[in-house]
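Novice: Would you mind keeping the following structure in view while I ask a few things?
The values are calculated or read from the model by the stated rules, or taken from the named source; none is laboratory data. As the structure is a prediction and not an experimental result, all values here were calculated from the model. Neighbour counts run over all protein chains shown; Cβ positions are idealised from the backbone, glycine included. Side chains included, ligands, DNA and RNA excluded: accessible areas come from the protein's heavy atoms. Shrake-Rupley method; radii C 1.70, N 1.55, O 1.52, S 1.80 Å.
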Amino acid sequence: MRGEDVTWRLVQPAAGPGYVLAGDAAAILDPAAGHGVLKALMSGMMAAQTAVQMLTAGESPEPAAAYCAWLTAWFEHDAAHLRKWYSQLTVLVGSELA
Ligand SMILES: Cc1cc2nc3c(=O)[nH]c(=O)nc-3n(C[C@H](O)[C@H](O)[C@H](O)COP(=O)(O)OP(=O)(O)OC[C@H]3O[C@@H](n4cnc5c(N)ncnc54)[C@H](O)[C@@H]3O)c2cc1C
């Protein structure tokens, strides 16, 4: 038996001095979102770009902040979509049971 903890979560901050998180290490929504692989690839590219910016921007917190804002916006967007989707599912299941 194997299992996976897909509790919705977002690491905050996902980037800071000396680190940038990407993929599931940074944020997870359950598989129904259907964006996990895309997010892993996109956040990997953004994380690489952010890491370069952090290395060249010295002490500036801006690259990490911009990355966190981008990641949070995507997470919140997908979470809102899933919440709406699940609420409709509950109505469907409820009406079938009635
Ligand atoms: C049941 C299920 C179904 C899914 N279906 C879909 C789908 O249909 N479409 C979709 O887009 N997404 C889907 N997802 C989500 C998707 O699989 C993930 O979002 C995506 O794989 C995340 O990629 P990642 O590279 O961040 O992490 P992972 O794919 O988890 O890769 C992390 C890797 O790091 C390795 N690792 C961990 N710790 C260490 C360590 N200490 N040292 C070295 N290596 C380590 C792991 O073994 C693993 O190979 C699904 C997820 C689940 C659980």
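Novice: Looking at 90, 72, which one is part of a helix (DSSP H, G or I), β-branched (Val, Ile, Thr) and modelled with pLDDT of 95 or more?
Specialist: 72
Novice: Any idea how many residues of the stretch 1-22 are under 14 Å from residue 74 (Cβ atoms) and within 8 Å of the ligand (Cβ to nearest atom)?
Specialist: Qualifying residue count, the stretch 1-22: 1.
Novice: Another question, if that's okay. Take the conditions open to solvent by 30 Å² or more (accessible area, probe 1.4 Å), within 13 Å of the ligand (Cβ to nearest atom) and in contact (Cβ under 8 Å) with a residue 40 or more places away in the chain and apply them to residue 81. Does it pass?
Specialist: When the stated conditions are applied, residue 81 does not pass them.
Novice: Residues being over 8 Å from residue 22 (Cα atoms), within 8 Å of the ligand (Cβ to nearest atom) and open to solvent by less than 60 Å² (accessible area, probe 1.4 Å): count how many of those fall in the stretch 35-48.
Specialist: Count: 2.
Novice: Give the stretch 1-35 a look and list any residue that's among the charged types (D, E, K, R) and within 28 Å of residue 55 (Cβ to Cβ), or say none.
Specialist: Selection gives 9, 24.
Novice: Same structure again: Looking only at the stretch 38-64, count every residue that is assigned to a helix (DSSP H, G or I), without any contact (Cβ under 8 Å) to a residue 40 or more places away in the chain and over 11 Å from the mean Cα position of the chain (by Cα) and tell me the total.
Specialist: Total satisfying the criteria: 15.
Novice: Another question, if that's okay. When residue 25 is evaluated against the numbered criteria (1) within 13 Å of the ligand (Cβ to nearest atom); (2) in contact with a helix residue (DSSP H, G or I) (Cβ under 7 Å, 6 or more places away or on another chain), which criterion, by number, is the only one it fails?
Specialist: (2)
Novice: Further question on the same structure: Just wondering, is there one or more residues in the stretch 18-34 that are in a helix (DSSP H, G or I) and of a type in the set (Asp, Glu)?
Specialist: Within the stretch 18-34, one or more residues are in a helix (DSSP H, G or I) and of a type in the set (Asp, Glu).
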